[in-house]
1. Identify, from the list Thr100, Thr68, the residue that is open to solvent by 60 Å² or more (accessible area, probe 1.4 Å), more than 16 Å from Ser7 (Cβ to Cβ) and part of a strand (DSSP E or B).
2. Residues in segment 46-65 that are closer than 16 Å to Val33 by Cβ, among the aliphatic types (A, V, I, L, M) and buried (at least 18 other Cβ atoms within 10 Å of the Cβ): how many?
3. May I ask you to list the residues in segment 72-95 that are open to solvent by 50 Å² or more (accessible area, probe 1.4 Å) and under 11 Å from the mean Cα position of the chain (by Cα)?
4. Which one of Ser21, Ser30, Ser17 is buried (at least 16 other Cβ atoms within 10 Å of the Cβ), of a type in the set (S, T, N, Q) and in contact (Cβ under 8 Å) with a residue 40 or more places away in the chain?
Amino acid sequence: QVQLVESGGGLVQPGGSLRLSCAASGSIFSLYVMGWYRQAPGKQREFVAGFARRGTTNYADSVKGRFTISRDNAKNTVYLQMNSLKPEDTALYYCNEDRTGAWGQGTQVTVSS
């Protein structure tokens, strides 16, 4: 079973940046279909960014041009670089592996002055 552990969340001012990391277990990380989701209080979990099965990247319209997903297969890690953060980006951010349905425990991102 794939295990995912997120890190890198925190409190940041509007306009600031954060980089989230998600470390995955397993020896075939290069085949994992990885993505980031978020859930704000009182709202449903929503897709943020992810790798499609052919390796291309997809982004929610709300984060296009500000967030970048990347991966380092040698480190079994996927990243989410978040720039120009807005208060509406405040949420619990989760890492997901699509083929197995595995989820991490989440890392909190709070954007506030």
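The values are calculated or read from the model by the stated rules, or taken from the named source; none is laboratory data. What you are looking at is a predicted structure, and each value in this text was computed from that prediction instead of being measured. Neighbour counts run over all protein chains shown; Cβ positions are idealised from the backbone, glycine included. Areas reflect the complete protein model, heavy atoms only, side chains present, ligands, DNA and RNA absent. Shrake-Rupley method; radii C 1.70, N 1.55, O 1.52, S 1.80 Å.
1. None of the other options fit; the residue is Thr68.
2. Residues meeting the conditions: 2.
3. The answer is Gln81, and nothing else.
4. The conditions single out Ser21.
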